[in-house]
Structures are given as structure tokens and as C-alpha cells.
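Colleague: My questions will all concern the structure given below.
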Amino acid sequence: MPLHQILKLPAPILVPAYLALFLALDWLTFIPSFAPLGITPWNPSAALVFGFLLLKGPRYLPLLPLCILLSDLVVRGLPLPIWGLLAEVAVTSCCYI
């Protein structure tokens, strides 16, 4: 299916597919960091976020914090206390914008 047809799918189908793709890509490309900050040089899931927002527009921006939160919960196994995780999601989301 061509990309322009995929992007025309209704939101109830597109959003879960995007979230699943984000999590799968983050899980497949996760490289443990060497520093305590958790920064790695490889982050294709961030490129997916930018590409999706460029193609679909800012109305899908609320998916960004959800993607980051789910990724930390599923891929990294809750690396911080919940208050720290929510602060990280807020800061990271603001930096992406």
C-alpha cells in the first residue's frame, strides 16, 4: 500500500498502527547507553515522530508524549520513578516541538 493511502486511513486505525510502529522501532533499535542520562547516538523512532508530524500535521502532536511514555514503560521497563518519568516526558516532548 502506498504511503499516501496509508496516511488517509481513519485515525482509529492510523493511531494504533503508528504507536505500534514507534514501539517496535524503538525496541528493535534500542542501544543501552553508557552514560547515566540514557542518551544514545541512534534514535530512529525520533525520525518517525518528525516524519509523521510533517505528513499529518500538528493535530497529532499529543501522540508524542504518549509515544515517549509507552516507550519508557515497554522498552526500558520504567527506568525512573513515575514523577521522574513524567518530567522526562514533558521535557522531551517540549524539546521535540
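The values are calculated or read from the model by the stated rules, or taken from the named source; none is laboratory data. These figures come from a predicted structure and were not determined experimentally. Keep in mind that these areas ignore ligands, DNA and RNA; they rest on the heavy atoms of the full protein, side chains included. Shrake-Rupley method; radii C 1.70, N 1.55, O 1.52, S 1.80 Å.
Colleague: What are the ³J(HN,Hα) couplings of the range 64-73, residue after residue, when phi is run through the Karplus curve with 6.51, -1.76, 1.60 and θ = phi - 60°? Round to Hz, x for glycine and proline.
Modeller: Karplus values, whole Hz, x for Gly and Pro: 4, x, 5, 4, 5, 5, 4, 5, 5, 6.
Colleague: Hey, can you find the accessible area per residue of the chain for me, probe 1.4 Å, expressed in square angstrom?
Modeller: Heavy-atom SASA per residue in the chain reads 66 Å².
Colleague: Here's a follow-up. Using only DSSP helix segments of four residues or longer, with each worth -39500 (n - 2.57), what per-residue ellipticity at 222 nm results for the chain after dividing by its residue count and rounding to 500?
Modeller: -20000 deg cm²/dmol
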